[in-house]
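**Student:** Could you have a look at this structure, given as C-alpha cells, before my questions?
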Amino acid sequence: MTDAAIAAEATPTTALDRVPVLSVHNLCIEVKTPDGERVELVRDVSFDVNEHEVLGLVGESGSGKSLTMLAVLGLLGSGLRIVSGSIRLRGQEITNLSFHEMQKIRGKAVSIIFQDPLTTLNPVLRVGKQVAEAIRLHNPDKGEAEIKARVIELLSLVGIPNPERRYSQFPNEFSGGMRQRVVIAMAMANEPDLLIADEPTTALDVTIQAQVMEVLAEVRARTGAAMVLITHDLGLVSEYADRLAVMYSGRIVEQAPSAELFASPRHPYTAGLIASLPQLERKVETLYSIPGFVPDPRKRPTGCAFAPRCAIANGRPLCLSQSPDLESIGANRAVACHYSAETAAWSTAYQAKLENVATETPLPVRKQGDGTTVLRASNLSKVFTVRGKGLQRSKLYALRNVSFDLKAGKTLGIVGESGSGKSTLARVLLRLAEAGGGEVYLNGSPLFSLRGRELRQRRRDLQVVFQDPYSSLDPRMKIHDVIAEPLRIAGSYSAERVNQLLEHVGLTAAAGQRRSPEFSGGQRQRIAIARSLALNPDVLILDEAVSALDVSIQAQIINLLKKLQQDLGLTYVFISHDLSVVRHICDEIAVMYLGRVIEYASTEAVFSTPAHPYTRGLLAAIPRIGMWPHGKGLLARGDLPNPMKPPSGCAFRTRCPMATALCAENEPVLSDHAETSHLSACHFALA
Amino acid sequence: MKARFSPLQTIAILLLAVMAVLVIVVPLLPIYDPYGQNLSDSLLPIGGRSFNGHFYLLGTDTLGRDMLSRLALAGQVSTLIGLSAVAVSLVIGVTLGLIAGYFRGPIEAIIMGLADLQLSIPRVLLLIAVTAIVGPSVAGLAIILGVTSWVSYGRVARGMTLSLREREFILSARVQGASAVWNIRQHLLPNVLPQMLIVASYEFGMIIVLEASLSYLGLGVQPPLPSWGMMVAEGQNYLALAPHLAIMPSIALFILVIGFQFLSQAFTKENDLEMVA
Amino acid sequence: MAGFVIKRLLQAVLTVIGVITAAFFLTRLAGDPAALLLPPEATLEETQRLRAALGLDQPLFVQYLLFMGNALKGDFGMSLRESVPAMSLVLDRVPATLELALSSFAVGVGLAFILGILMRMTRHNWVRDLITWIALARQAIPVFSFGLVLILIFSIWLKWLPSYGRGTPAHLVLPALTLGTYELALYLRLFNSSLAAEQRNDYVRTAFAKGQGRIQVLLQHMLPNALLPLVTVAGINLGMLLGGTVVTETVFSWPGAGRLIVQSVSQRDYPVIVAGVFVISVMFVIINLIVDVLYGVLDPRVRLA
Ligand code: SF4
Ligand code: SF4
C-alpha cells in the first residue's frame, strides 16, 4: 500500500486532534513554458505535518521543494498550476479556494519566511509598519496602540535590541540577520498553526545563521506551531527537523524520522547525498560524488528519474522502465526505490572502503613540491575610502597586515564570513585591485612593481577560478574558444591543447563546440577550471569556487581539484566561507576577521585545537549531522560591527564570549602562543 | 521557430516595406516628378485629375507639384539624413561609452560630464542654436544630428561595460594577461553591440522626428528640396481648404517612425527572453 | 541627505558653467559680434573702436571670463532687432512657456498614472493592449503633426476650441494635450516595467503571504517603489518638454520663449537666441535639481545614506 493510500484511509476516521496540521496528497504542479509545452515540476507529492512537528523538506535546486510549499500558500506564480491532488490545512481542503478566500488563511493559519531578508522587507516602508500590517489584516478591530504594543513585543521576542526605536526605522538600517528576525516576527504575528521556512538562513553567514535558527526554534516552541523547513543543507535539517522528506526531480523519494534517515538512508540518492557531504569530523581523500546531474524536467528519463546517476541500479530494466512508487517501509518510513533493500549494503561497503583507505594507506603520497615557497604575501593592506553621510569620507580597512607563505603543491585555505576581507585578498593577489601596502612574491620575485607587458606575462603563473559559474563564461562564445582564449592571448593556440584541457576536467572535445548556456553549473565550473589551467600556472586561486554548487556537484568538483593538484603539482589558495569544505582540501588554514588573519595554522591544528575564540565560534556554528545542540557557549554573539568603526583593541571583542577589559585596550598580535607554528591573535588564545 | 516572426515583427516589417516602396520604387515610376510646377493644377485633392487628364494619386500642392513624388523625394532625404546621423552617433557613442566604462577614473568623469551637460540643453534647442549659426544643409544636418545624439548610446554602452567589466569572464581574461584592447574587442564590443542596434533602431525614429521638426520650423532642409516637416508647415496654411497637404507627410512620418519603434521593441522582447533563459 | 543636496547643487552649478561655456563658443562660431552689430558700410576704425568697447581685442580667455561675468548678470547684450536687452525679451516670454510645460507635464504624468494603474488592475487583456497601442502610436506622431490634427478636428471641424494664441484656459487645452501626450508611452512603459520589476521582489510575495489582497499590495507596497523611477524620468523629460515647447509654441502661435527663439533665428538675432537657450537650460537644471531632491525625500535608501 502506498503512503498516500495509508494516509487517505486514516484521515476521515481519526479524532480532530489527530488531524495533521497540513496534509498534502498526490500533489502535481505543472508549468506552461512560453512555447506552450507543459512540464510537471512537482509530481505526486504526499506528506503530512503533525502538530508541533518540524518537517525538513530537503532537495537540490530544481527539486520542487519550494514550489510545493508555495502551492500550500496559494501563491504559485503565473504559468504554474496545480493539476491534481489535494492540500488540507487542519482538514480543510484549500486547493479549490479562491485567491480572495485564501487571503484569510495566509498570514493567519500559515505563514512563510523567505530566503533573502534583503528583498523580503519593503525598502520604503518602516519596519514596524510592515509587522503591524500583518497583525491588522487579521485583527481589524484592534486599535493602533494595541497593535503597536504587540509589534514591539514581537520585535523584542525575536531578539531585536531597542524595539521602540527600531520600530520606526527602515529596512536598510538593519543587518541581514536582524532583518530575518523582523521577518520571523512578521511570520509569527498571528501565531500561525504552520510556519514555512524557505531556506531561511541560506543568505546569512554561519554565525548569524546559528543565532537566527535559535530564535526561530524559541518562538516556535512558545507558540507550538508546526514547521516545514525547506533547505538544501543536510546539516541544518539534521539539527532542527524531526522528520525529513527528501525530494528529487519533483518527487519525494524518501521520508523518515531525521535520526533514522541519517543513520540508515534507504534511497540511493539520500545515501549518496550523505556520503558526498564533506563533514567536519573526518577528512577523506576523495569524497563520494553522485555522477551526472539533475535531469532537466522536460527530459526526465523514463522509469526512475534517478536511474542514470544511481549507484545500485546497474541498468536493471525495472529501473529504466518503471518509476517506483513511494512505499512505506516500517512504521514511519517510506521510500521510492525498487531496490531500496540494497542501499544499506552499498552504504556499508562504501563506509568500509573509506575506513580501509584511512587505516591501511596513510593517504596516498602526493606529488610533493620541493618545499620551495611559490607564493608569499607580506603585510598586505588595502584601505577603501567610503563616502559617508554628507561630504565626510570614512576609511574601511579591508586588509590589515595579511601575510602568508605558501609552499609548492600545498593548499592554503582562507576562511572568513562576509566582511572578513577574503575576497579583497583574492583581488589584491591577482592584481585586480591595487594593494595599499605590502608585497606579493610569486616564485620569489615581487609582483606589485610589474607593469604593462611584463605584468601580462608574469601574471599567467597565478590564475583564478571564481564563484559564479554563470558569469564566468562569455555567453556568446563556444566552449572551445573560451578555453582557447588564454592561449590566443599568449599566442600559443593549438586545438590539441584545448582538447587536452577539456579532457583534464572530464569533458569531451565535442563539448567544445557548444556554448555555455547549454551547460549546468558544475560543468561550467569544470570549463572555468580548464581555462585557468591553459597556461600552466603554478598557483590557482579558488575564490569560493565550489560555493554556488549543489552538494552532489560540489563533491565532484572538489575531487577534480584534488586530482588535478596531484597530477599537475598545482598550488592552491582556497578561499571559502565553508569550513567543512576547507577541511577536505587544505593543508593550512588562515582564518580572517575584519581584514585581519586571526588564526593561521595547519588544518589539523585548527580543527583539533582551535586557538582563537572566533574560530571556535565558527566551528560551533556549523550545523552538522547528528550533533545537537551545539556548544552554545562558544557561539559568537551579535552582529559584525560596522567595519568603518571597528571596536578598539581586539576587533572581535564585541562578539567574543571571553572578552575582558584588556581586550578593549590592546590589539592582540598574531603570534604563536605555544612554541608551535600555530599562530593566533588573541590575548587568551588556547594553544 | 527561428524562421517565424512575432506579430510585432511582422507589423514592423510590413510598415517598413510600405516605406521602402515609397522611397525606392516610386522614384522609378514614369509619373515621378517632384519639381515640376503646374499652377493650373494646384491644390488638387487625393486622386485628383487635372484639365488635361493628368492623374495625381495623392493630389498636388500649392504650386501644383505632384504630392506623391514630393513625398518620395522627401523620404529619401529624411532616410539619408537619419541613417548617416545614426551611424555617426553610434560610432561616437559606443566609443566614448566603452572608454568611459572600461577605464573609469577621470576619463569617465569627463565623458559623462559632457553627456550630462548635453542633456541639460534640450536637444531641439541645441540643434536650433547650432543650425542658426552654422546654417542648414543636408550634410550639415546629418553631422549635427549625429554629433548631438551620441548620449543614449554612450550611456547604455557605459552602463553595460561597467557591469561587464566586473563579470568574471573579463576578470579572468585580465588575469590571463589580456590587454584592454583585447578585452574591448573580444568581449565588450560583441556583448554591447546587439543592445546598441536596438538603441539605434529607436534613435533612428527620434532623429527622423527631430529632422522633421527642424524642417517644420524652417531650420532644416531648405527648398526647393522637399522634406516632410517642411511640407507639413506649408500645408498648415491650407488646413481647412486642403487638409491632405499636411496630413499626407504626417502619415508618412508616422509609418516610418512607428515601423522602427516596433522593430526595436520586437528585438528588445526577444533579447529579454534570452536573458531570462 | 544634506550631503546629497550639496552634491547635487555643486553639479547644477557646474552644469550652468558648462552651458555658459557652450554658449560662448556658439556666439564666437557665429562670427565677429562687432561685425554683426555694425552696418556693413562701417569703417575699419569704427569696427576697431567697437571691438575694444566689447573687449574683443582681449585674449580669448579674458573674453571668456568677460562673457561669463555678463552671463551671470543675465547680460547677453542688446537684441539686434529691437533695442532692448536680449534677456528682458526672453524673460517676458518665460511665464507662457512655463505655463505650457507644466500643464503638459501634468497631463502626461496624470494620464500615465491613471492608465498604468488601470492596466494593472484590469482583468481584460484587450484593455491593456489597447492602452499600450494607443500610447505607442501617439509617440510615433511628431508634435507638430499631432497638433495640426487636433486643430483640424477641434478647431476647424468641430469649432470647439481656439487654434492659436494664449489667454483663456480654452487656449491651453490643445497645446497641453499635444505636448503632454507625447511622452505618455514612455511614462507608461516605465511605470509598467517598474511595477513588473517590483512584482518579482520577495516583499510582494511576503505581503500576499501576510494575507493582503491584490489591490492593497499594489497600492501600499508596489506603488511607492515603482513611483521612484517614474519621478526621475519624468524630471528628465520635463527638460525634453521644455524643448518640445519650441515646436508646440510655433504650431499654436503660443507667445512663449521657444517661439521667440525660432523667430530670432530667422531674423539672425543671435543675442536673443543665446539668451533664450541659456534661460531654458537653466530652468531645466533647476527642475532636475528639485526632482532629484524629491527623489531623495521619497526614498529612505537615499535619504539615510
Ligand atoms: S529505482 Fe532503481 S534507479 Fe531508482 S533509485 Fe532505486 S535502484 Fe536507483
Ligand atoms: S583578545 Fe579578547 S576579545 Fe579578542 S578574541 Fe581574544 S579574548 Fe576575545
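The values are calculated or read from the model by the stated rules, or taken from the named source; none is laboratory data. Note that the structure is a prediction, hence the values are computed from the model and not measured. Note that each Cβ is placed from the backbone with ideal geometry, even for glycine, and that neighbours are counted across all protein chains shown. Note: areas computed on protein heavy atoms with side chains; ligands, DNA, RNA excluded. Shrake-Rupley method; radii C 1.70, N 1.55, O 1.52, S 1.80 Å.
**Student:** What residue, among those in the range A:123-146 that are buried (at least 23 other Cβ atoms within 10 Å of the Cβ) and at the interface with chain C (Cβ under 9 Å from one of its Cβ atoms), is nearest to C:Asn201 (Cα to Cα)?
**Tutor:** Top of the filtered list is A:Gln130.
**Student:** Given B:Val147, B:Val134, B:Val181, which one is open to solvent by 40 Å² or more (accessible area, probe 1.4 Å), farther than 30 Å from C:Arg138 by Cβ and more than 13 Å from chain A (Cβ to nearest Cβ)?
**Tutor:** Numbers: B:Val147 fails: farther than 30 Å from C:Arg138 by Cβ; B:Val181 fails: more than 13 Å from chain A (Cβ to nearest Cβ).
Just one listed residue meets the conditions, B:Val134.
**Student:** Which condition number does B:Ser213 fail, the rest of (1) at the interface with another protein chain (Cβ under 7 Å from one of its Cβ atoms); (2) of a type outside the set (Phe, Trp, Tyr); (3) more than 14 Å from the chain's Cα centre (by Cα) being met?
**Tutor:** Result: B:Ser213 fails condition (3) only.
**Student:** Conditions: (1) free of Cβ contacts under 8 Å to residues at least 60 places away in the same chain; (2) within 16 Å of ligand 1 (Cβ to nearest atom). A:Ile274 meets all but one. Number of the miss?
**Tutor:** For A:Ile274, the failing item is (1).
**Student:** Here is a list of conditions, (1) hydroxyl-bearing (Ser, Thr, Tyr); (2) more than 18 Å from A:Gln556 (Cβ to Cβ); (3) open to solvent by 20 Å² or more (accessible area, probe 1.4 Å), and A:Ser289 meets all of them except one; can you say which number that is?
**Tutor:** The failed condition is (2).
**Student:** Just checking, which of A:Leu432, A:Leu425, A:Leu450 is surrounded by fewer than 18 Cβ atoms within 10 Å (Cβ to Cβ), under 28 Å from the mean Cα position of the chain (by Cα) and not hydroxyl-bearing (Ser, Thr, Tyr)? Full working, then the answer.
**Tutor:** Details: A:Leu425 fails: surrounded by fewer than 18 Cβ atoms within 10 Å (Cβ to Cβ); A:Leu450 fails: under 28 Å from the mean Cα position of the chain (by Cα).
Only one candidate passes the filter, namely A:Leu432.
**Student:** For the range C:139-184, name all the residues that are within 14 Å of another protein chain (Cβ to nearest Cβ), open to solvent by less than 40 Å² (accessible area, probe 1.4 Å), more than 20 Å from B:Val124 (Cα to Cα) and outside any loop (DSSP other than H, G, I, E, B).
**Tutor:** Listed by number, the residues that qualify are C:Leu150, C:Ile151, C:Leu152, C:Ser155, C:Leu174.
**Student:** Select from the range C:75-99 the residues that are part of a loop (DSSP other than H, G, I, E, B) and buried (at least 16 other Cβ atoms within 10 Å of the Cβ) and list them in ascending order. If you could, list the steps in order and put the result at the bottom.
**Tutor:** At the first step, the residues of the range C:75-99 found to be part of a loop (DSSP other than H, G, I, E, B) are C:75-77, C:79-84.
C:Phe76, C:Gly77, C:Ser79, C:Leu80 - these are the residues of the range C:75-99 that are part of a loop (DSSP other than H, G, I, E, B) and buried (at least 16 other Cβ atoms within 10 Å of the Cβ).
**Student:** A further question on this structure: Quick one: how many residues across the range B:97-131 are in contact (Cβ under 8 Å) with a residue 60 or more places away in the chain, open to solvent by 50 Å² or more (accessible area, probe 1.4 Å) and over 19 Å from B:Leu210 (Cα atoms)? Reasoning before the result, please.
**Tutor:** First, the residues of the range B:97-131 that are in contact (Cβ under 8 Å) with a residue 60 or more places away in the chain: B:97-98, B:100-103, B:123-124, B:127-128, B:131.
Those left that are additionally open to solvent by 50 Å² or more (accessible area, probe 1.4 Å): B:103, B:123.
Keeping just the survivors that are over 19 Å from B:Leu210 (Cα atoms) gives B:103.
The total comes to 1.
**Student:** What residue, among those in the range A:332-341 that are at pLDDT 90 or above and within 9 Å of ligand 1 (Cβ to nearest atom), is nearest to the other protein chains (Cβ to nearest Cβ)?
**Tutor:** Just the residues of the range A:332-341 that are at pLDDT 90 or above, to begin with: A:333-339.
Next cut, within 9 Å of ligand 1 (Cβ to nearest atom) only: A:335-339.
On the way: A:Val335: 32, A:Ala336: 30, A:Cys337: 33, A:His338: 35, A:Tyr339: 37 Å.
In this case the residue turns out to be A:Ala336.
**Student:** Quick check on this structure: which one of A:Ala149, A:Ala185 is open to solvent by 20 Å² or more (accessible area, probe 1.4 Å), out of contact with any strand residue (DSSP E or B) (no Cβ under 6 Å at 6 or more places or on another chain) and of a type outside the set (Lys, Arg)? Working first, answer last.
**Tutor:** Numbers: A:Ala185 fails: open to solvent by 20 Å² or more (accessible area, probe 1.4 Å).
Every option except A:Ala149 fails the conditions.
**Student:** If you don't mind, another one. Taking helices (runs of 4 or more DSSP H) that do not extend beyond the range A:156-225, which have at least 3 residues that are under 30 Å from A:Gly416 (Cβ atoms)? Reasoning before the result, please.
**Tutor:** On the way: elements: A:163-167, A:176-188, A:206-223.
Those helices (runs of 4 or more DSSP H) span A:176-188, A:206-223.
**Student:** Before we move on, is A:Thr609 modelled with pLDDT of 90 or more, away from ligand 1 (no atom under 16 Å from the Cβ) and either of a type in the set (Val, Ile, Thr) or open to solvent by less than 40 Å² (accessible area, probe 1.4 Å) (or both)? First the steps, then the outcome.
**Tutor:** On the way: modelled with pLDDT of 90 or more: no; away from ligand 1 (no atom under 16 Å from the Cβ): yes; either of a type in the set (Val, Ile, Thr) or open to solvent by less than 40 Å² (accessible area, probe 1.4 Å) (or both): yes.
No; evaluated as a whole, the condition is false for this residue.
**Student:** Right, another one. Could you check, for the range A:312-331, whether at least one of its residues is away from ligand 1 (no atom under 11 Å from the Cβ), open to solvent by less than 70 Å² (accessible area, probe 1.4 Å), away from every other protein chain (no Cβ under 14 Å) and assigned to a strand (DSSP E or B)?
**Tutor:** Checked the range A:312-331: at least one residue is away from ligand 1 (no atom under 11 Å from the Cβ), open to solvent by less than 70 Å² (accessible area, probe 1.4 Å), away from every other protein chain (no Cβ under 14 Å) and assigned to a strand (DSSP E or B).
**Student:** Which condition number in (1) within 16 Å of ligand 1 (Cβ to nearest atom); (2) at pLDDT below 90; (3) surrounded by 19 or more Cβ atoms within 10 Å (Cβ to Cβ) is the one that A:Thr302 fails?
**Tutor:** Here A:Thr302 meets the rest and fails (3).
**Student:** Moving to a separate point now. How many residues, within the range A:537-548, are within 12 Å of chain B (Cβ to nearest Cβ) and either farther than 23 Å from A:Arg376 by Cα or free of Cβ contacts under 8 Å to residues at least 40 places away in the same chain (or both)?
**Tutor:** The initial filter retains those residues of the range A:537-548 that are within 12 Å of chain B (Cβ to nearest Cβ), namely A:537, A:539-541, A:543-545, A:548.
Narrowing further to those that are either farther than 23 Å from A:Arg376 by Cα or free of Cβ contacts under 8 Å to residues at least 40 places away in the same chain (or both): A:548.
Counting residues in the range A:537-548 that are within 12 Å of chain B (Cβ to nearest Cβ) and either farther than 23 Å from A:Arg376 by Cα or free of Cβ contacts under 8 Å to residues at least 40 places away in the same chain (or both) gives 1.
**Student:** One residue is enough: does the range B:222-231 have a residue meeting the conditions under 14 Å from the mean Cα position of the chain (by Cα) and not hydroxyl-bearing (Ser, Thr, Tyr)?
**Tutor:** Yes, there is a match, as at least one residue in the range B:222-231 is under 14 Å from the mean Cα position of the chain (by Cα) and not hydroxyl-bearing (Ser, Thr, Tyr).
**Student:** A:Leu501 versus (1) open to solvent by less than 20 Å² (accessible area, probe 1.4 Å); (2) within 12 Å of chain B (Cβ to nearest Cβ): which is the lone unmet condition?
**Tutor:** A:Leu501 satisfies all of (1) open to solvent by less than 20 Å² (accessible area, probe 1.4 Å); (2) within 12 Å of chain B (Cβ to nearest Cβ) except (2).
**Student:** Name every residue in the range C:246-260 that is touching a residue at least 60 places away in the same chain (Cβ under 8 Å) and either open to solvent by 10 Å² or more (accessible area, probe 1.4 Å) or facing chain B (nearest Cβ under 9 Å) (or both), in order of residue number. Explain how you work it out, then say what you get.
**Tutor:** At the first step, the residues of the range C:246-260 found to be touching a residue at least 60 places away in the same chain (Cβ under 8 Å) are C:247-260.
Within the range C:246-260, C:Val247, C:Thr250, C:Val251, C:Ser253, C:Pro255, C:Gly258, C:Arg259, C:Leu260 qualify.
**Student:** State all residues of the range A:456-479 that are more than 8 Å from chain B (Cβ to nearest Cβ), out of contact with any Asp or Glu (no Cβ under 8 Å at 6 or more places or on another chain) and more than 20 Å from B:Arg167 (Cβ to Cβ); if no residue qualifies, say none.
**Tutor:** Passing the criteria: only A:Arg458.
**Student:** Only one residue in A:Glu164, A:Glu191, A:Glu199 is touching a strand residue (DSSP E or B) at 6+ places or on another chain (Cβ under 6 Å) and surrounded by fewer than 23 Cβ atoms within 10 Å (Cβ to Cβ), so which one is that?
**Tutor:** Only one candidate passes the filter, namely A:Glu199.
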